[in-house]
Every structure is written in C-alpha cells, then in structure tokens.
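See structure below.
The values are calculated or read from the model by the stated rules, or taken from the named source; none is laboratory data. The structure presented is a predicted model; accordingly, all values stated were derived computationally and were not measured. Note that we place each Cβ from the backbone using ideal geometry, even for glycine, and neighbour counts take in every protein chain shown.
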Amino acid sequence: MKPSNRYALIFALLFLLLLHSIGTLIESIYILDLLKTSLDEKALGLLFLFSPIFLLLLRRKPPQALIWLLLAILFLGRGLLPHLPTAGRLLASGMASSAALLLFPILLHTQSDGERAAGQALSLGFALALAASVFLRTLGFGIDYSLQTEGGWLGWLIGLGLILALRGVSVVKLEEKPASVREALLPLLGVWMVFALVYFAFSAPSVLARWAEGEYRTTVFLISLFCLVWAGSLILRRGWADRLSPRLVLLWNLLFALVLTGTLLANRVAFPTSPDSPPLIVGVTPWPQQVPYYLTLLLFPVIFLDVSLLTAPWKHQPPSLPALAVGMVLGAFVLILLIFMQIFTNVWGYVEPVSPWFRNQFWLPYFLMSAFLIVAVVLNRPYLKQTERALGENFSPNWLVLMGVLLAGSLWAAFASTQVRRFEPRKDVLLVMTYNLQQANDIFGQRSYRRQLALMRQVDADVIALQESDSARVSLNNVDLVRYFAGKLGYYAYYGPGPISGTYGTAILSKYPLSNTHIVFSYSDQDEIGTAVAEIEIGGKRFSIYNVHPDGSDTAMMVFAQTLLEQIGDKQYVIALGDYNLSDDEAAYQIIAASLTNVWENLYPSKVSPEGVDMSGRDRIDHIFISAPLRPRWATYVLPPESATDHPAHWAEIFWEE
C-alpha cells in the first residue's frame, strides 16, 4: 500500500475510534451525574483527555513499542465499550481516548516507505471517518450500530484494521529542525475545532436534522455525498487546491461560520420572559428558516480543506513531540469548555452560578468552533502559500468505491429506518402510554433503550408520549432515541421541542398519522417547559394529544397548568399525558383535575389498583388526563426497576361511545 493511502486509512480509523471513545466518555460521565443532577468526582474522567501532556517527557524519538502499547489499550478499550456497564464504559472509553490522543501526535513522527503523513492524508482520513460514522448511526436507527451490543463486533474489527494498517510504519528521528510550539499551536487548534464540529454535529445526521427539522434522508445523503466529493477531488483532480487563494479559503470559512451560526439563531426560541407573558406557539419550521441549514450542509467540506492546509507543512517539518503536546492539551481544554457550554444550555437551572449564563445559548459553542477555525486559518496564512508543493498526494481510486458503498449503505439505512408500518385500528378504543425515558437510562444509571423498546412492544400502545427523550446532544453521544424507537416500532413520530430549545424532550409516537403538530412554550424558571401537541384522526373523530413535562417553581407550574387548559379550550377529544412533576395535593394539579379526568383516580378512587399497585403517595407524578367524552376502561403502572427507567411507565385504555 502506498504511504499516502496507508496514512489516509490509519487516520480514518483513528478518528473514528476517537469519536466513539470520547463520545462514550462524555456520555458516561453525564449519565452517572444525571442521577443526582449535579457534578461530582466522576467529572474527573475528563482528565483522560489531557493524556498528551506525557509527550513533554519524550525529548527523543519515542520507542516503537509505545505505539503497540497504545494500540493495545485503544483496541481493548474501544472493543469492550458495548458490553460494559456505565462505570466500566467510563473507564474503558477514558483509556481508549487517552491512547488515541497520544497516538495521533506520535503518528506524525512516523514514516512508511520513507514518507511521512501529509495534510491531504489527514483530510481524507477525516472524510472517511465522517462517512463511516454517518453510515453506522443511520444503520443503527439513530444510535451508532457499532456501539450497540449486537454490533459490538464492528468495534473490534475497526481496531484490528488500525493494527494491520500500522504494520510497516516506524517512528523516525527528526533530522531537520522541528516546527516550533508557535508554529504547531494554531494548526493543532484548527484540527481540534474540525474534530469538535464533526463530533458535535456532522458525524450524527440526526443531530443536524433536529436543529431545523430538516429532512433526515436528505441530510444523510448530503453529508455522505460531500465526503465522497471531497475524496473525489483529491483523487481525480490532484492539486486543485493549488489554485485556491488564501482570500478564497478565508471567504469559504467565513460563509460556513455565518450559515452554521445563522441556522442555530434562526431556530432559537424566544421564551416567555415572565409569568404574565403569553405562551409561545412554535409550529412546523417554514422553508426560509431552513435555508441556512441546507447552506451549512453545502459548505461544510471546508473543514476538510482546512485540515489539509493547516497540517500540510508537517510532511516536511513536523513539530517536536513537546510542541505537539502543548497544542494537544490546549485543544483538549477548549473541547471540554465547548462541551460544558452545550451541556449548560440544557441544565442551566441546576449548576449555579455558572450555568444560568448559558440559557438559550445553544448557538455559542458552534460559533466559537467555527470562529477559532477561522483564526487558525487567518494566522496561518504564510503556510497557505505553500499549498502548491504541499498538496497533490497520489491516492487510490479504491477510496471512491468505498465512499460510494458508504453513501449507498447510508441511503438504504435511512430509508429502511424511517418506514412506517400499517396498523389495523382498534374499534372505538385507544391505548395510550406515557413514558419518561430518563434519556434511556434505568434507575441504576445503566443504558436501557433495548429494555424500554421491549416494554413498548409489549404494551403495543396506539399513542406513546415520551419525556426526557431529547438525547440528540453531545452530552448523550448524539443518539436519537425518538428516531430509534419510532423506526424500530414503525410508528409516526413528532420530536417536539428540538435540542436548540434546551428542554429535556417531549416526543409523540403514534400508529396513526400526526397532524397539526406544534409546541407550546410557557414561562419557566428552571427547566424550559415545552409541551408537544399533535392530532390524530380515528373513525372521523379528531383527538388532541398533549405531551407535557413541566418543572420549576410553584409560579411556573401554575402558569403551565393555566396555559395547558387555555390551549385545550373547548376541544372535545383531549388526552393530556406525561410527567407532570405534580402530585394530587398541589394547586397546579388541582386546577387541571377540575377540568379533566385523571384515569387512575377515576378507576381507583383509593389510588390502589385491584392488583395491589399503590399509587396513593406523592410519588405519583406521571398522569393521563382525558376530557369528558372519553372514559377509561383500565389503567396500569409498572414501577422501577421493571419500567427500565427512574419513572413508572403508565398506560391506559380509553374508550368512547358513538
């Protein structure tokens, strides 16, 4: 294998393993701290990301054995991830991340057949890793297939591929003067920002699609297509970037930063600012609001160009390992800050005094990533003039075949995972379920989406209201639970409030087509309160579904209750269900119960079922309310741990008379 192809493969596999490892590390820390809604010693797991600091100890050529030791740690750590409990995943992913972050700078000091890695090999590696990630996530119905138990074998295969690719690659002693810390710092920061953009968004098409409710299959297609186009430009039009002036490169970066930030700001929610403010109704995203989103997808390949240009001079003059150590540690620190910024936009009411500053600032981390990348490109302008001798590697056309296969596979998986089944309607009856997922974690902090899916299949409800379902965020490794459950069940789905709004998610799944979907935002002072609303039609009757998940002060809860009743108005067939965070002795609950019927209390005035399920205490906060024409036939609660979450699963059969 030619050196250019070998290094493209090495970096593709390394970047893919790093995406999996860092993503799982952040997710594991978040899940374990989610149980207490506060930070504790588990956050020290972030120290794994500072492993490159040990490179300061390597003043001479690193021993060849170090590469194989790091490979072994990465191989074992990544391979075990799908099979470990959360605490085990934290440790394994941390070790794997440390190994990968040490391997990257060391590999810049290796050579194969007398040649070192060049900027284009790194950029092609990023494109290959991104295309592979899109395929794996699409194949897994929104959750990376290789991180699921049944797809765990792929992690071992990817690790084995990296081991085989590194055979014949040796560490060399630098004969020429290495690049200084100053010369290494900006390019490395730029590479870190490209990795952050890929990690936060582009490697997971569901994340992007949820921002503006863009068409998912189109999103998958465009990301995969432009990865293929970038590879094609390197293979079929060698040296094309030679003709790009620094001014044009800068303009491309500026436009990308503008449309990326514009996408997030255009879909930002102007929340009600006081208890007296009217609720905000957000419906289907109009097409002008989606224009920046699709422009972002068209312009994002500039990140590949930036990697190529920023690192191109390293083929002839790589930085010393201590210089790389400084840049790697600084980049890790910036990445951690960006991660916390996005997490704080979601938990702004819980980590005072810092987190409130980030309320409704979802756009900020992405703006900073693209801005830092621009700064790296601008201040690295002298290197941009060297592109004529730095670019133009000889890559195999076989990469185009591989990228074409990934594109075709991703498209097939996107269509296969969005198919809706046809269900025979029940006669004059509706089975509805409310289910707080705790973002697919059980009461012990273990991932439970498979058990939750099994319970949903067992219940076979016509309508399922999901709370704490917004996991398409970096804190939870960008998994799309709504897409996963809807795809596996074959249901229609409405995501409800998107990640930009900072709620915990209120999604609606249904066997029947959903219409008039919208979100009602009411005043909040701790968690954003976004009620998802949809309508279904059965036998000529139109049912209004309200999925709720309020939280906050007594004032915020009272405003929510009043807003809910105002929105229901004189609608005839209403089902308002969800995690109300209200027990039946609270004022907000009582004004709702005065207008709607609580199915459990209606069936069992003692609040204890004939089977002995006792829901008479203050812990009963998950409710199903219905309007007068509807009546409950029976209702059920399944308590933790059998519910596979920290809440009871609650469902009921509703009927009506003609």
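Overview of values
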| quantity | calculated |
| --- | --- |
| Some residue of the range 579-587 being crowded, with 22+ Cβ neighbours inside 10 Å, farther than 30 Å from Arg451 by Cβ, within 36 Å of the chain's Cα centre (by Cα) and in the same structural domain as Ser515 (by TED's automatic domain parsing) | no |
| Residues located in the range 71-92, provided they are part of a helix (DSSP H, G or I) and farther than 16 Å from Leu154 by Cα | Leu71, Ala72, Ile73, Thr86, Ala87, Gly88, Arg89, Leu90, Leu91, Ala92 |
| Hey, Leu69 over 16 Å from Gly445 (Cα atoms), surrounded by fewer than 17 Cβ atoms within 10 Å (Cβ to Cβ) and either free of Cβ contacts under 8 Å to residues at least 24 places away in the same chain or small (Gly, Ala, Ser) (or both) or not | yes |
| Neighbours by Cβ (under 6 Å, 6+ apart or cross-chain): first from the range 623-639, in contact (Cβ under 8 Å) with a residue 24 or more places away in the chain and more than 16 Å from Asn436 (Cβ to Cβ); second of a type in the set (Asp, Glu) and buried (at least 18 other Cβ atoms within 10 Å of the Cβ) | Arg633/Glu653; Trp634/Glu653 |
| The one condition in (1) more than 16 Å from Phe141 (Cα to Cα); (2) within 22 Å of the chain's Cα centre (by Cα); (3) not polar (S, T, N, Q) that Met433 fails to fulfil | (2) |
| The lone exception for Ala461 - which of (1) surrounded by 20 or more Cβ atoms within 10 Å (Cβ to Cβ); (2) part of a loop (DSSP other than H, G, I, E, B); (3) under 21 Å from the mean Cα position of the chain (by Cα); (4) at negative phi it fails | (3) |
| Residue in the range 335-347 that is over 21 Å from Ile26 (Cα atoms) and not hydroxyl-bearing (Ser, Thr, Tyr) present | no |
| Candidate set from the range 398-438 (those that are among the polar types (S, T, N, Q) and either in contact with a Ser or Thr (Cβ under 7 Å, 6 or more places away or on another chain) or not in a helix (DSSP H, G or I) (or both)); member that is nearest to Asn598 (Cα to Cα) | Thr434 |
| Hey, Ala486 touching a Lys or Arg at 6+ places or on another chain (Cβ under 7 Å) and within 26 Å of Leu130 (Cβ to Cβ) or not | no |
| Test: Lys511 is more than 23 Å from Phe358 (Cβ to Cβ), of a type in the set (D, E, K, R) and buried (at least 24 other Cβ atoms within 10 Å of the Cβ) | yes |
| Filter result for the condition that a residue is in a loop (DSSP other than H, G, I, E, B) and within 22 Å of Pro550 (Cβ to Cβ), over Ser616, Ser643 | Ser643 |
| Residue list for the range 79-109, restricted to those being within 17 Å of Lys61 (Cα to Cα) and either touching a Ser or Thr at 6+ places or on another chain (Cβ under 7 Å) or among the aliphatic types (A, V, I, L, M) (or both) | Leu102, Leu103, Ile106, Leu107, Leu108 |
| Of residues in the range 145-196 being in a helix (DSSP H, G or I) and without any contact (Cβ under 8 Å) to a residue 60 or more places away in the chain, the one surrounded by the most Cβ atoms within 10 Å (Cβ to Cβ) | Leu154 |
| Hits in the range 118-132 - residues which are small (Gly, Ala, Ser) and in a helix (DSSP H, G or I) | Gly119, Ala121, Ser123, Gly125, Ala127, Ala129, Ala131, Ala132 |
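Yes/no per residue for (1) over 15 Å from Ala117 (Cα atoms); (2) in contact with a helix residue (DSSP H, G or I) (Cβ under 7 Å, 6 or more places away or on another chain):
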position: Leu164; (1), (2): yes, no
position: Val171; (1), (2): no, yes
position: Val181; (1), (2): yes, yes
position: Leu189; (1), (2): yes, yes
position: Ala201; (1), (2): yes, yes
